[in-house]
Amino acid sequence: MFVYFDLDDTLLDHRHAERKALADLRDRYLALFGTLSVDELQAQYRAVSEPLWREYETGAIDKETLQERRFADLLAEMEAPHADPALVRRYYVQCYRRHWRLVPGAQAAYEAIAEHLPVGLMTNGFAEVQAEKLKEFPVLEERAETVVVCEENGALKPDPEAFRHATEQAGVEADEVLYVGDSYRTDVEGAQNAGWRVAWFTPDGPDDRSTDDCSFVFDDWDTLAERLTE
Ligand SMILES: [Mg+2]
(Lines give C-alpha, C1' and ligand atoms only; values in the text may rest on other atoms or scores of the structure.)
Protein backbone atom coordinates (compact mmCIF):
# COMPACT_ATOMS: atom_id res chain seq x y z
CA MET A 1 0.00 0.00 0.00
CA PHE A 2 1.07 3.55 -0.78
CA VAL A 3 -0.14 6.29 1.58
CA TYR A 4 -0.70 9.82 0.29
CA PHE A 5 -1.25 12.64 2.78
CA ASP A 6 -3.08 15.89 2.21
CA LEU A 7 -1.17 18.91 3.54
CA ASP A 8 -3.47 21.71 4.74
CA ASP A 9 -5.50 20.86 7.83
CA THR A 10 -4.23 17.30 7.71
CA LEU A 11 -0.47 17.49 8.39
CA LEU A 12 -0.16 21.28 8.52
CA ASP A 13 -2.39 23.30 10.82
CA HIS A 14 -3.72 25.74 8.22
CA ARG A 15 -6.77 26.69 10.24
CA HIS A 16 -4.61 27.73 13.20
CA ALA A 17 -2.35 29.86 10.99
CA GLU A 18 -5.36 31.42 9.28
CA ARG A 19 -6.94 32.31 12.60
CA LYS A 20 -3.73 33.81 14.01
CA ALA A 21 -3.15 35.78 10.82
CA LEU A 22 -6.69 37.16 10.93
CA ALA A 23 -6.14 38.14 14.57
CA ASP A 24 -2.99 40.02 13.49
CA LEU A 25 -4.92 41.62 10.66
CA ARG A 26 -7.65 42.74 13.05
CA ASP A 27 -5.05 44.32 15.36
CA ARG A 28 -3.38 46.13 12.48
CA TYR A 29 -6.62 47.34 10.87
CA LEU A 30 -8.81 47.94 13.89
CA ALA A 31 -10.80 50.62 12.10
CA LEU A 32 -11.82 48.03 9.50
CA PHE A 33 -12.27 44.90 11.55
CA GLY A 34 -12.41 46.08 15.17
CA THR A 35 -16.18 45.60 15.44
CA LEU A 36 -15.72 41.85 14.94
CA SER A 37 -14.28 39.27 17.30
CA VAL A 38 -11.56 37.04 15.83
CA ASP A 39 -14.14 34.22 15.61
CA GLU A 40 -16.53 36.45 13.72
CA LEU A 41 -13.78 37.67 11.42
CA GLN A 42 -12.71 34.10 10.67
CA ALA A 43 -16.31 33.09 9.98
CA GLN A 44 -16.72 36.10 7.69
CA TYR A 45 -13.45 35.38 5.91
CA ARG A 46 -14.36 31.74 5.41
CA ALA A 47 -17.81 32.66 4.12
CA VAL A 48 -16.06 34.68 1.44
CA SER A 49 -13.04 32.50 0.69
CA GLU A 50 -14.52 28.98 0.71
CA PRO A 51 -16.90 29.51 -2.25
CA LEU A 52 -14.00 31.15 -4.13
CA TRP A 53 -11.79 28.12 -3.43
CA ARG A 54 -14.50 25.85 -4.80
CA GLU A 55 -14.71 27.96 -7.94
CA TYR A 56 -10.94 27.80 -8.25
CA GLU A 57 -10.93 24.02 -7.79
CA THR A 58 -13.49 23.55 -10.55
CA GLY A 59 -11.61 25.90 -12.86
CA ALA A 60 -14.36 28.56 -12.87
CA ILE A 61 -11.89 31.23 -11.74
CA ASP A 62 -8.10 31.39 -11.90
CA LYS A 63 -5.65 31.67 -9.05
CA GLU A 64 -5.10 35.43 -9.39
CA THR A 65 -8.85 36.05 -9.20
CA LEU A 66 -9.10 33.91 -6.09
CA GLN A 67 -6.16 35.68 -4.47
CA GLU A 68 -7.53 39.14 -5.21
CA ARG A 69 -11.19 38.52 -4.58
CA ARG A 70 -10.96 36.91 -1.18
CA PHE A 71 -9.84 40.21 0.34
CA ALA A 72 -11.70 42.54 -2.02
CA ASP A 73 -14.94 40.68 -1.23
CA LEU A 74 -14.19 40.61 2.49
CA LEU A 75 -13.68 44.38 2.52
CA ALA A 76 -16.87 44.85 0.52
CA GLU A 77 -18.70 42.79 3.16
CA MET A 78 -17.19 45.03 5.82
CA GLU A 79 -18.48 48.04 3.90
CA ALA A 80 -14.95 49.39 3.59
CA PRO A 81 -14.79 50.25 -0.10
CA HIS A 82 -11.88 52.65 0.37
CA ALA A 83 -9.49 50.16 1.95
CA ASP A 84 -6.85 48.68 -0.36
CA PRO A 85 -7.39 44.91 -0.63
CA ALA A 86 -3.87 44.37 -2.00
CA LEU A 87 -2.32 45.86 1.15
CA VAL A 88 -4.59 43.90 3.44
CA ARG A 89 -3.82 40.72 1.55
CA ARG A 90 -0.06 41.30 1.68
CA TYR A 91 -0.15 41.75 5.43
CA TYR A 92 -2.34 38.67 5.85
CA VAL A 93 0.01 36.47 3.78
CA GLN A 94 3.01 37.71 5.79
CA CYS A 95 1.30 36.88 9.08
CA TYR A 96 -0.09 33.57 7.81
CA ARG A 97 3.42 32.28 7.11
CA ARG A 98 4.61 33.25 10.56
CA HIS A 99 2.00 31.04 12.21
CA TRP A 100 2.57 27.77 10.40
CA ARG A 101 2.83 24.69 12.58
CA LEU A 102 2.12 21.00 12.13
CA VAL A 103 -1.12 19.52 13.42
CA PRO A 104 -0.43 18.17 16.94
CA GLY A 105 0.48 14.48 16.71
CA ALA A 106 0.72 14.43 12.92
CA GLN A 107 4.50 14.41 12.56
CA ALA A 108 5.10 11.42 14.85
CA ALA A 109 2.38 9.43 13.08
CA TYR A 110 3.66 10.44 9.65
CA GLU A 111 7.20 9.34 10.51
CA ALA A 112 6.02 6.08 12.06
CA ILE A 113 3.90 5.26 9.00
CA ALA A 114 6.79 6.18 6.69
CA GLU A 115 8.90 3.52 8.44
CA HIS A 116 6.41 0.86 7.33
CA LEU A 117 4.95 2.05 4.05
CA PRO A 118 5.89 4.31 1.17
CA VAL A 119 4.30 7.73 1.68
CA GLY A 120 3.68 10.78 -0.45
CA LEU A 121 2.15 14.25 -0.26
CA MET A 122 -0.69 15.53 -2.43
CA THR A 123 -1.95 19.09 -2.05
CA ASN A 124 -4.22 21.59 -3.81
CA GLY A 125 -2.69 24.77 -2.36
CA PHE A 126 -0.84 27.46 -4.31
CA ALA A 127 2.42 25.95 -5.57
CA GLU A 128 4.72 28.70 -4.30
CA VAL A 129 3.12 28.74 -0.86
CA GLN A 130 3.20 24.94 -0.57
CA ALA A 131 6.89 24.97 -1.53
CA GLU A 132 7.54 27.37 1.38
CA LYS A 133 5.62 25.13 3.75
CA LEU A 134 7.66 22.11 2.70
CA LYS A 135 10.84 24.10 3.25
CA GLU A 136 9.70 25.06 6.73
CA PHE A 137 8.98 21.43 7.70
CA PRO A 138 11.66 19.50 5.79
CA VAL A 139 10.79 16.16 7.42
CA LEU A 140 7.66 15.95 5.28
CA GLU A 141 9.51 15.97 1.99
CA GLU A 142 12.46 13.98 3.30
CA ARG A 143 10.26 11.00 4.09
CA ALA A 144 8.05 11.30 0.98
CA GLU A 145 8.61 9.15 -2.10
CA THR A 146 6.65 11.64 -4.14
CA VAL A 147 5.19 15.13 -3.73
CA VAL A 148 2.24 16.07 -5.92
CA VAL A 149 1.38 19.78 -5.96
CA CYS A 150 -1.79 19.58 -8.03
CA GLU A 151 -1.56 23.12 -9.37
CA GLU A 152 1.64 22.18 -11.20
CA ASN A 153 -0.16 19.44 -13.14
CA GLY A 154 -3.20 21.50 -14.10
CA ALA A 155 -5.82 19.35 -12.34
CA LEU A 156 -6.93 20.02 -8.77
CA LYS A 157 -8.64 17.62 -6.37
CA PRO A 158 -11.39 16.36 -6.65
CA ASP A 159 -10.76 16.11 -10.42
CA PRO A 160 -10.08 12.40 -11.15
CA GLU A 161 -7.20 13.53 -13.34
CA ALA A 162 -5.36 14.81 -10.23
CA PHE A 163 -5.67 11.37 -8.61
CA ARG A 164 -4.74 9.57 -11.81
CA HIS A 165 -1.55 11.61 -12.00
CA ALA A 166 -0.72 10.94 -8.35
CA THR A 167 -1.35 7.20 -8.81
CA GLU A 168 1.07 7.21 -11.73
CA GLN A 169 3.65 9.09 -9.66
CA ALA A 170 3.35 6.50 -6.90
CA GLY A 171 3.90 3.70 -9.41
CA VAL A 172 1.10 1.51 -8.04
CA GLU A 173 -2.49 0.61 -8.95
CA ALA A 174 -5.30 2.89 -7.74
CA ASP A 175 -6.68 0.30 -5.30
CA GLU A 176 -3.29 0.13 -3.60
CA VAL A 177 -3.40 3.80 -2.58
CA LEU A 178 -4.75 5.14 0.71
CA TYR A 179 -5.43 8.87 1.00
CA VAL A 180 -5.28 10.61 4.36
CA GLY A 181 -7.17 13.90 4.19
CA ASP A 182 -9.63 16.18 5.98
CA SER A 183 -11.90 17.49 3.25
CA TYR A 184 -15.00 15.44 2.48
CA ARG A 185 -15.48 16.95 -0.95
CA THR A 186 -11.94 17.07 -2.31
CA ASP A 187 -10.26 14.24 -0.36
CA VAL A 188 -12.89 11.64 0.58
CA GLU A 189 -15.16 11.87 -2.46
CA GLY A 190 -12.29 12.66 -4.82
CA ALA A 191 -10.17 9.70 -3.73
CA GLN A 192 -13.13 7.28 -3.58
CA ASN A 193 -14.12 8.24 -7.12
CA ALA A 194 -10.55 7.50 -8.20
CA GLY A 195 -10.68 4.01 -6.65
CA TRP A 196 -8.42 4.85 -3.73
CA ARG A 197 -9.03 3.95 -0.13
CA VAL A 198 -9.46 6.82 2.30
CA ALA A 199 -8.61 7.63 5.91
CA TRP A 200 -10.74 10.66 6.65
CA PHE A 201 -9.32 12.98 9.32
CA THR A 202 -12.15 14.59 11.33
CA PRO A 203 -10.41 16.50 14.14
CA ASP A 204 -13.66 18.12 15.25
CA GLY A 205 -15.09 14.72 16.15
CA PRO A 206 -17.30 12.16 14.42
CA ASP A 207 -18.99 13.09 11.19
CA ASP A 208 -21.95 11.12 9.91
CA ARG A 209 -21.50 11.77 6.23
CA SER A 210 -21.17 8.44 4.51
CA THR A 211 -17.98 6.85 3.31
CA ASP A 212 -17.65 3.65 1.34
CA ASP A 213 -16.32 0.29 2.55
CA CYS A 214 -12.76 1.19 1.61
CA SER A 215 -12.65 4.13 3.99
CA PHE A 216 -12.31 4.78 7.67
CA VAL A 217 -12.57 7.84 9.82
CA PHE A 218 -10.13 8.93 12.54
CA ASP A 219 -9.75 11.92 14.80
CA ASP A 220 -6.45 11.24 16.49
CA TRP A 221 -3.14 10.46 14.91
CA ASP A 222 -2.14 7.60 17.19
CA THR A 223 -5.15 5.62 15.95
CA LEU A 224 -4.06 6.04 12.33
CA ALA A 225 -0.42 5.19 13.11
CA GLU A 226 -1.44 2.04 15.01
CA ARG A 227 -3.71 0.92 12.22
CA LEU A 228 -1.09 1.39 9.50
CA THR A 229 1.94 0.04 11.33
CA GLU A 230 0.55 -3.14 12.87
MG1 LIG B 1 -6.91 19.70 3.60
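When region 118-135 is limited to residues that are buried (at least 20 other Cβ atoms within 10 Å of the Cβ) and among the β-branched types (Val, Ile, Thr), the one that is nearest to VAL93 (Cα to Cα) turns out to be THR123. Just one of the numbered conditions (1) over 22 Å from LEU36 (Cα atoms); (2) in contact with a Pro (Cβ under 9 Å, 6 or more places away or on another chain) is not true of LEU75: (1). If the condition is being of a type in the set (Lys, Arg) and over 20 Å from HIS14 (Cβ atoms), then region 25-66 contributes only ARG28.
Would region 172-179 turn up any residue that is closer than 29 Å to ILE61 by Cα and part of a strand (DSSP E or B)? Checking region 172-179: at least one residue is closer than 29 Å to ILE61 by Cα and part of a strand (DSSP E or B). Within the set LEU66, LEU41, LEU52, LEU36, the sole residue that is assigned to a helix (DSSP H, G or I) and either more than 22 Å from VAL149 (Cβ to Cβ) or touching a strand residue (DSSP E or B) at 6+ places or on another chain (Cβ under 9 Å) (or both) turns out to be LEU41. Of the helices (runs of 4 or more DSSP H) entirely within region 120-159, those holding at least 3 residues that are within 13 Å of the chain's Cα centre (by Cα), assigned by TED's automatic domain parsing to the domain that holds VAL198 and not acidic (Asp, Glu) occupy 127-136. Only one entry of GLU57, GLU18 meets the criterion of being within 16 Å of the ligand (Cβ to nearest atom), buried (at least 18 other Cβ atoms within 10 Å of the Cβ) and modelled with pLDDT under 95, and that entry is GLU57. Checked against (1) of a type in the set (Asp, Glu); (2) assigned to a helix (DSSP H, G or I); (3) at pLDDT below 95; (4) surrounded by fewer than 18 Cβ atoms within 10 Å (Cβ to Cβ), GLU79 passes all but a single condition, namely (2).
Screening VAL180 with (1) in contact (Cβ under 8 Å) with a residue 60 or more places away in the chain; (2) of a type outside the set (S, T, N, Q); (3) more than 13 Å from VAL119 (Cβ to Cβ) gives one miss only, at (3).
Condition check ((1) within 16 Å of the ligand (Cβ to nearest atom); (2) in contact (Cβ under 8 Å) with a residue 24 or more places away in the chain; (3) not assigned by TED's automatic domain parsing to the domain that holds ASN124) across all residues:
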site: HIS165; (1), (2), (3): no, no, no
site: GLU168; (1), (2), (3): no, no, no
site: GLU176; (1), (2), (3): no, yes, no
site: GLU189; (1), (2), (3): yes, yes, no
site: ASP204; (1), (2), (3): yes, no, no
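Criterion first (within 16 Å of the ligand (Cβ to nearest atom), surrounded by 16 or more Cβ atoms within 10 Å (Cβ to Cβ) and not acidic (Asp, Glu)) does ARG26 satisfy it? So ARG26 fails the test.
The values are calculated or read from the model by the stated rules, or taken from the named source; none is laboratory data. Keep in mind it's a predicted model, so treat the numbers as computed, not measured. With ideal geometry, Cβ positions are generated from the backbone for all residues, glycine too; neighbour counts draw on all protein chains shown.
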